[in-house]
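> My structure is below; once you've seen it, I'll send some questions.
Derivation of every value follows stated rules applied to the coordinates shown; laboratory data play no part. Model, not experiment: these values are computed from the prediction. As a convention, Cβ positions derive from the backbone with ideal geometry for all residues, glycine included, and neighbour counts pool all protein chains shown.
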Amino acid sequence: MSVTEITKLEFDQMVQAAAVKLNQKAEFINSLNVFPVPDGDTGTNMSMSMASGAKYEAEVESDAVSDLSAALAKGLLMGARGNSGVILSQIFRGFAKGSEGVNTYDAKRFVDAYANGAQTAYKSVMKPTEGTILTVVRESAQAGLDLVKAGETDLVVIMEKIVDAADAALAKTPDLLPVLKEVGVVDSGGQGLVFVLHAFYEALTGQVLEEDAKLDLAQMDEMINAEHHQSAQGKLDPADIKYGYCTEIMVRIGRGNSVTQAFDYDTFYNHLAELGDSLLVINDDEIVKVHVHTEHPDQVLNWGLQFGDLRKTKVDNMRWQQESIMDQDEPVAEPSDQPAVDTAVIAVSSGDGISALFKDLGVTTIISGGQTMNPSIQDIADAIAQANAKQALILPNNGNIIMAAEQAAEVSEIPVKVVHTKTIAQGMSAMLEFNPDAELADNQSAMEGNIALVKSGEVTHAVRDTTIDGREIKNGDYMGIVDGKIIVTDPDVATAAIKMVIEMLDEDSEIVTILTGQDSSETVVEQITAAVEAIDDEVEVQVYAGGQPVYPYLISVE
């Protein structure tokens, strides 16, 4: 087939198909995380970012593709999560800028817009790194430009060339980034963009049915905006909750000894629909993911087992959660209840204990999030707007949130500075220099000066076998990660933590702070403390209940 013009119809189908594709492939993209930690989230971030963009685009009534692309860019920007989501938003921000005044795309207009997206993405990164999504977008855009320059007008031919070039660029990312080659993966962000481009091509060539894409988008929108776990439940009586168990499973289709049925989406979905409501079923050829509210989580698990083995399961008692919300002594403050301050300090935090510590240090607003769930630009922008302040400082406390924080600062109506904290420990150290009476820039400078004074260590377990920096890591081993580098591994969590702390200590060390997570052990904390005291009994050890997920021990040395 031949296509010489992209109208509202084709562009809408391309965008919606991309949102569906990223949602289906999110788990695969997550698996490409270089570090074998149980929190790879590039796929999740890109999927949620694209879903936000697709939602904005779908609501536009205009027939002009310039308006559609502008809405897509706006939705991507406000919904962007993590560095990968922010860069994806910048690609389509440039794409939208290159589409201004365009009613429909011919070959040249489309390729020029995409190439402008590549340029915008490069400019958005302070130190562009080859072997990433930036390489994929640049080389695929250049392939399109070359073809148009040669006189090609068929957008199917051009899109196919762009996809082929993106595939080739992705395949060589391990040659450009040694760590990718060592671990044996391609760049995860680049893989996400490749899926977007493949979806564009499939939609353009009629391989994606519009009604299928719309159905899956609605499901994703429900998943992204679901708030049944949040305190927004207000005063809902727990007895009024018809289906009390939020149940999630992930099934590896056709795997394991329990399989009695071949997977058929309609059969699988229709049976689950009889067991509850708020049903979400997303699948590809290998995995099916389920979210449902039910009274019989055991029946959901047993149904999944008939089609494959269970890779993940999660059951939450929503009635108990609602009772806990209603039992809280203090109501959640509305934005207007926030006391006015000159300078708000907004910190990203995961874990009730960590959030309480930040509050004690002078943080005025907490954004729930972190390594397992990066807040979106919209989340951060909303926190700024609700802070009731003349100006604000943001502590991302995670390297993957810094770009989103910077974009939120740009769209804010008040002056905002980002303190470039990459860890919880850096955030707490920075707060020691916060002066509520100082100028915004002076506070930022002083707080960032404190970041270098603290070493940040994290202990977690590996989720796969791999080799990084010549170090062999086995699935299930515990890793000690110091300032982003894996320095120790051991099958025993206490041994890994102690080895890590020993590596962190030096003659200038004065304080060791241990933040215990959800899976921590008092015995292990005692062993770590004893090991520190055996090395230097003048080093003070402080222990706080952090409550963070994924990392049972966050340990800092100052």
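> For segment 9-84 and segment 411-477, what is the centre-to-centre distance using only Cα atoms, to the nearest Å?
27
> In deg cm²/dmol and to the nearest 500, what is the mean residue ellipticity at 222 nm of the chain if only DSSP H runs of at least 4 residues count, each as -39500 (n - 2.57), divided by the residue total? Mind showing how you got there, number by number?
On the way: 21 runs with 269 residues, N = 558.
Calculated at 222 nm, the ellipticity per residue is -15000 deg cm²/dmol.
> With axes computed from alpha carbons, what is the tilt in degrees of helix 82-97 against the longest principal axis of the chain, rounded to the nearest 10 within 0 to 90?
Helix 82-97 sits at roughly 30 degrees to that axis.
> While we're on this one: For a test of the definition: using alpha carbon positions, the gyration tensor, and the 1.5 limit on a/c, classify segment 334-451 as rounded, prolate or oblate.
rounded
> Relative to the longest principal axis of the chain, what angle (0 to 90°, nearest 10) does the C-alpha long axis of helix 440-451 take?
Between the helix axis and the principal axis of the chain, the angle is about 70 degrees.
> Across segment 168-181, in residue order, what do the Karplus-derived ³J(HN,Hα) couplings come to in whole Hz, using 6.51 cos²θ - 1.76 cosθ + 1.60 with θ = phi - 60° and x for Gly and Pro?
With coefficients 6.51, -1.76 and 1.60, one gets 5, 5, 5, 4, 9, 4, x, 6, 9, 10, x, 5, 5, 5 Hz.
> How large is the dipole of segment 456-557 about the Cα centre if only Lys and Arg carry +1 and Asp and Glu carry -1, each at its Cβ, rounded to the nearest 20 debye? Don't jump to the answer; show the numbers that get you there.
Values: 5 positive and 21 negative charges, 134 e Å.
In debye, rounded to 20, segment 456-557 gives about 640.
> Residue by residue through segment 515-530, which ³J(HN,Hα) values in whole Hz follow from phi under the Karplus form 6.51 cos²θ - 1.76 cosθ + 1.60 (θ = phi - 60°), with glycine and proline marked x?
9, 7, x, 5, 10, 7, 10, 4, 5, 5, 4, 5, 5, 4, 4, 5
> Right, another one. Per 10 Å bin from zero, what fraction in whole % of the C-alpha pairs of segment 508-557 is there, up to the bin with the longest pair?
Whole-percent P(r) values from 0 Å outward: 28, 53, 19, 1.
> Continuing with the same structure: Kindly give Rg over Rh for segment 8-222, based on alpha-carbon atoms, with the Kirkwood expression for the hydrodynamic radius.
0.95
> Still on this structure, please answer the following. For segment 1-59, calculate the relative contact order in percent as a whole number, restricting contacts to Cα pairs under 8 Å that are 6 or more residues apart.
For segment 1-59, the relative contact order is 37 percent.
> Could you state the orientation-averaged shadow area of the convex hull built on the Cα atoms of segment 14-70, in nm² to one decimal?
Answer in nm², one decimal: 4.2.
> OK, next. Are there GluC sites (Glu not before Pro) in segment 43-96 that DSSP puts in a loop and that have at most 10 other Cβ atoms within 10 Å, and which ones?
Values: sites: GLU57, GLU59, GLU61; in loops: GLU59, GLU61.
For GluC sites (Glu not before Pro) across segment 43-96 that sit outside H, G, I, E and B with at most 10 neighbouring Cβ atoms in 10 Å, the list reads GLU59, GLU61.
> Using only alpha carbon pairs under 8 Å that are at least six residues apart, calculate the relative contact order of segment 452-558 and give it in whole percent. The partial results should precede the final answer.
Details: 211 pairs, mean separation 34.1, N = 107.
Once normalised by length, the contact order is 32 percent.
> Considering only DSSP beta bridges where both residues belong to the chain, give the percentage that are antiparallel (nearest 5). Show your work: numbers first, answer last.
Numbers: 48 of 67 bridges.
Close to 70 percent.
> Is the shape of segment 448-555 best called rounded, prolate or oblate, per the rule: a/c under 1.5 gives rounded, else a/b larger than b/c gives prolate, else oblate, with a ≥ b ≥ c the square roots of the Cα gyration tensor eigenvalues?
Because a/c hits 1.5 or more and a/b exceeds b/c, segment 448-555 counts as prolate.
> Using only Cα atoms, what is the ratio of the radius of gyration of the chain to 2.2 N^0.38 Å?
Relative to the rule-of-thumb radius for its length, the chain sits at 1.01.
> Same structure again: I'd like the distance between the alpha-carbon centres of segment 165-186 and segment 245-316, rounded to an integer number of Å.
Between the Cα centre of segment 165-186 and that of segment 245-316, the gap is 34 Å.
> Could you please rank MET373, MET14, MET126, placing first whichever residue has the fewest other Cβ atoms within 10 Å of its Cβ?
MET126, MET373, MET14
> May I ask you to derive the relative contact order of segment 238-321, considering only C-alpha pairs under 8 Å and at least 6 residues apart, and to give it as an integer percent? Mind showing how you got there, number by number?
Details: 169 pairs, mean separation 43.5, N = 84.
It rounds to 52 percent for segment 238-321.
> Treating cross-link reach as a plain straight distance, find the aspartates and glutamates whose alpha-carbon is under 14 Å from the alpha-carbon of LYS417, omitting any fewer than eight places away in the same chain.
ASP342, GLU406, GLU439, ASP442, GLU448
> Nearest 10 degrees, 0 to 90: what angle lies between the long axis of helix 493-504 and the longest principal axis of the chain (Cα atoms)?
Approximately 80 degrees, to the nearest 10.
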